[in-house]
Each structure stands twice: as structure tokens, then as C-alpha cells.
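*Asks:* Before I ask anything, here is the structure I am working with.
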Ligand SMILES: NC(=O)c1ccc[n+]([C@@H]2O[C@H](COP(=O)([O-])OP(=O)(O)OC[C@H]3O[C@@H](n4cnc5c(N)ncnc54)[C@H](O)[C@@H]3O)[C@@H](O)[C@H]2O)c1
Ligand SMILES: [Zn+2]
Ligand SMILES: [Zn+2]
């Protein structure tokens, strides 16, 4: 089979690899029909994720068809259409029993990380019964592949941790695929103000079309002033950090209202300052989380019913064998006006 293979920082190729066999009785082999490229894959390419070693097939976002199952997999059979979760869960360990699947002792984020991933013609999915989700016949791959990672991430780490309520002022810093996923799922709670902050005008335009009430380009550094003006000087009830930089984390601290919540989603590579000298008296809550995909069953229903249409996040579609071109487009997101880039098997 062919697959997108990592060979160290800056080096990937679309190459011949052996088709993965079943290894454990709880495994399934999935024929990939649609896969997506994630910002995390670009972090891997930069060498930011040392766990990923030479020869690893990348990718943790996909929809496909079950090709083969191990003897212990009773809930899926050959021919079933499935969503692959970016988080593999054994459902049995102490963390899984607390629905903290991202910390699963036998899984977590392993696909395209410590084991071969899904940007390939076939992939081996461990703990298949609790890491795959059945898709109804006729379900559109493009919509559901957004449920592997970005929709649950925006929802769980941003909207749920930020305790978004009807009538709230919600500010999302970062209008990439994750910030926009937080936007789509925050709308389920009818916030009064839904303000997106970014420096990329193309992404702010996308945010507006997806239902942001206001967008702010912070290139001039005036976002705080503008949010205070929109909220009668109070600030935001929920501030969602969807960038992952010290500067944007500090911005969130200036935007939060007394009694408000800061929900961090961004992956931070550097330490950032927590301004307790201003926040100690303001009754704020700060949360962090790695996506657990515990809400995937609920989000599946929301997408099936048409309540959320995540296809609007897709900017580019490539054939699976053109994965290298797709990486090029996604690596130049600003010039290419790229949001979510997906790969389709022929
Ligand atoms: N916690 C989790 O489980 C989890 C899961 C997936 C991704 N993430 C993280 O979420 C973050 C967002 O992911 P993404 O794929 O949307 O990334 P992205 O890079 O596509 O989007 C980030 C956005 O932030 C904007 N930005 C950059 N600097 C800015 C600044 N100073 N002010 C305002 N906007 C600025 C960029 O223009 C871009 O639109 C990343 O850090 C990613 O690693 C976290
Ligand atoms: Zn991802
Ligand atoms: Zn587990």
C-alpha cells in the first residue's frame, strides 16, 4: 500500500509500505476513504514531537471502511463505515473509567505518533470497539472527518471547559480550524456575543461567515480596547485560547471579565506568564485539557441532524496520492487561504 511517511524534521514522502496486519484480537484494519492533515502534523514535521521517529506513517484524522477485525471485536465487521477517533481508548484503565481517554494507559494520542497513522491506504486501529464510531450509510465523509479531532477539541477544551452559557460574551483568540470548531460548537449555547480575534483577515472572514458576531484583527494590538468597548468595560465571560503562544495566553488574561473563565486549548512550547498580580481578586477560572473525544457520540448526532455543518471548515480537497501537494498547501496556509485540508481515496 501507499502511505505518507515521516523521515525526520522536514522530510516526508508518499511511499510504498507493507499493509498493516492485525496484531491484537482487539484491532481492526480500516481502509481509509478520507483523511485530514492537522496543525499537529506540521509540528511533527518541524521536529517538535520527538516521539515520532523515522519511518512513521503520519495522520490521526480519518473516515474509512472496516476491512478486517480481530477475534475480540464484536461490534464492527468488514464493510462497516467508521469514524477513526484521534484518541485511542481501551475503555478499561483508570483514566478511561474517568472518561479521560487522552490519558489512556494503553492508548491516548498514539495514531501517527507512537504507532503508524491514517494518512495511508490502510491503517491498524487498536482497541477498535472503543476507538471507532459507526457511521450511518450515506453519511458524508467530509463532514465526519472533522469529528476525528478538531470538533471535539474545540468543544471539550474550549466550550465545555469555558462553561459557555446562553447570553455570555465569548471571545475566541485564534481563528484556525480549532478556534473555528470552538465557534461552531459555542453557537449551540446561544452566546450573546461571539468574538473571534486573529491576525489573518482571510480567517476572520471565515469566522464571520460561520456565525461570529464580531471579528477583531489584532495586528494593531487594540483587541483588548475593542472587547472592553463591546462589553461595557467588563470583558468576556469565556475566553478561549486557540493559538498556543505566550502572547495570546497573556491577551486572554486581559480579556476575561471578573467571574469569567479562560479555557486554554493551544499547545504551548514555551512557558507563559500568569498575571496573578491582576487576576488574584477577579474570581476567574483557568482550565487546560488534551482532547478526550468523550463528546464524539453527542457531536455525531449534532452533525447528523444538521445542527452543525463542519464541512464549512474545509478549504482544500486533494486525492490521497497527492498527499505531498496537500502538505505544501497546508504548510503555506496564509498564502493558500487554507483552513482544513483533506485527502480523498479514489
Ligand atoms: N488541547 C488539545 O487537545 C489540542 C488539540 C489539537 C490542537 N491543539 C492546538 O490548538 C491550537 C490551534 O490549532 P489550529 O490547528 O487551529 O492552529 P492554526 O495555527 O491553524 O491557527 C492558529 C491561528 O492563530 C492565529 N494567530 C497566531 N498568532 C496570533 C496572535 N498573536 N494573535 C491572534 N491570532 C494569532 C493564526 O493566524 C491562526 O489563524 C494549536 O496550538 C494546536 O496545537 C490543541
Ligand atoms: Zn489533529
Ligand atoms: Zn484506557
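*Asks:* If you go through the range 184-198 one residue at a time, how many are at positive phi and either assigned by TED's automatic domain parsing to the domain that holds residue 310 or assigned to a helix (DSSP H, G or I) (or both)?
*Replies:* Count: 0.
*Asks:* For the range 131-150, which positions are under 30 Å from residue 261 (Cβ atoms) and out of contact with any strand residue (DSSP E or B) (no Cβ under 8 Å at 6 or more places or on another chain)?
*Replies:* 143
*Asks:* Follow-up question, since we're still on this one. Considering only the range 31-40, I want to know if a residue exists there that is more than 14 Å from residue 327 (Cα to Cα) and out of contact with any strand residue (DSSP E or B) (no Cβ under 7 Å at 6 or more places or on another chain).
*Replies:* No, because not a single residue in the range 31-40 is more than 14 Å from residue 327 (Cα to Cα) and out of contact with any strand residue (DSSP E or B) (no Cβ under 7 Å at 6 or more places or on another chain).
*Asks:* Counting only residues that are touching a helix residue (DSSP H, G or I) at 6+ places or on another chain (Cβ under 7 Å), surrounded by fewer than 18 Cβ atoms within 10 Å (Cβ to Cβ) and not in a loop (DSSP other than H, G, I, E, B), how many does the range 199-217 have?
*Replies:* 2
*Asks:* Here is a follow-up. I need every pair where a residue in the range 151-163 that is over 18 Å from residue 260 (Cα atoms) has its Cβ under 6 Å from the Cβ of a residue that is away from ligand 3 (no atom under 16 Å from the Cβ) and in a loop (DSSP other than H, G, I, E, B), sequence separation at least 6 or different chains.
*Replies:* 152/295
*Asks:* Exactly one of (1) surrounded by fewer than 18 Cβ atoms within 10 Å (Cβ to Cβ); (2) over 30 Å from residue 91 (Cα atoms); (3) not assigned by TED's automatic domain parsing to the domain that holds residue 31 is unmet by residue 267. Its number?
*Replies:* (2)
*Asks:* Look at the range 323-343 and say how many of its residues are in contact (Cβ under 8 Å) with a residue 24 or more places away in the chain and surrounded by fewer than 17 Cβ atoms within 10 Å (Cβ to Cβ).
*Replies:* 4
Yes/no matrix, rows are residues, columns are (1) in a helix (DSSP H, G or I); (2) away from ligand 3 (no atom under 16 Å from the Cβ); (3) within 28 Å of residue 12 (Cβ to Cβ):
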position	(1), (2), (3)
92	no, no, no
96	yes, no, no
99	no, no, no
102	yes, no, yes
105	no, no, no
124	no, yes, yes
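*Asks:* Give the residue, chosen from 19, 31, that is part of a loop (DSSP other than H, G, I, E, B) and more than 20 Å from the chain's Cα centre (by Cα).
*Replies:* 19
*Asks:* Going by the structure shown, is residue 178 without any contact (Cβ under 8 Å) to a residue 60 or more places away in the chain and either closer than 20 Å to residue 261 by Cβ or not assigned by TED's automatic domain parsing to the domain that holds residue 249 (or both)?
*Replies:* The answer is no for residue 178.
The values are calculated or read from the model by the stated rules, or taken from the named source; none is laboratory data. For clarity, every value in this text was computed on a predicted model and none was experimentally measured. Methodologically, a virtual Cβ is constructed for each residue, glycine included, from the backbone with ideal geometry; neighbour enumeration extends over all protein chains shown.
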